Amino acid sequence: MEEVNALLEPGMLVTHPDRPDWGVGQVQSNIGGRITVNFREEGKVVIDARRVLLLPIYGHD
């Protein structure tokens, strides 16, 4: 799980698989297995990459 999350870079868009109500989020940072994401409906959240596999969004306007 961490290996996939390690590919996430600042600026990428993601969703949280267990929290679709948070909407689309933009990765702010990805340091040491802690990914900070600013979600449209939830605000800034720090995600533990060992516990959650964020889903990248490609081609989103």
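The values are calculated or read from the model by the stated rules, or taken from the named source; none is laboratory data. Please read these numbers as outputs of a predicted model, since none were measured by experiment. Note: ideal-geometry Cβ built from the backbone for every residue, glycine included; neighbour counts use all protein chains shown.
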| query | Thr36: within 10 Å of the chain's Cα centre (by Cα) and without any contact (Cβ under 8 Å) to a residue 12 or more places away in the chain, yes or no? | reply | yes
| What do you reckon, is Val46 assigned to a strand (DSSP E or B), in contact with a Lys or Arg (Cβ under 8 Å, 6 or more places away or on another chain) and in contact (Cβ under 8 Å) with a residue 12 or more places away in the chain? | yes
| query | Among the residues of the stretch 38-61, which ones are surrounded by 14 or more Cβ atoms within 10 Å (Cβ to Cβ) and more than 11 Å from Asn5 (Cβ to Cβ)? | reply | Phe39, Glu42, Val45
| message | Could you tell me how many of the residues in the stretch 7-23 are under 18 Å from Gly59 (Cβ atoms) and outside any loop (DSSP other than H, G, I, E, B)? | response | 3
| task | Mind listing whichever residues of the stretch 10-23 are touching a residue at least 24 places away in the same chain (Cβ under 8 Å), surrounded by fewer than 16 Cβ atoms within 10 Å (Cβ to Cβ) and either within 11 Å of the chain's Cα centre (by Cα) or under 14 Å from Val46 (Cβ atoms) (or both)? | result | Pro17
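Criterion first (modelled with pLDDT under 95, out of contact with any Ser or Thr (no Cβ under 9 Å at 6 or more places or on another chain) and either in a strand (DSSP E or B) or of a type in the set (A, V, I, L, M, F, W, C) (or both)) does Val4 satisfy it?
yes
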| query | If you take the residues in the stretch 24-33 that are closer than 19 Å to Gly59 by Cα and of a type in the set (S, T, N, Q), which one is farthest from the chain's Cα centre (by Cα)? | reply | Gln28
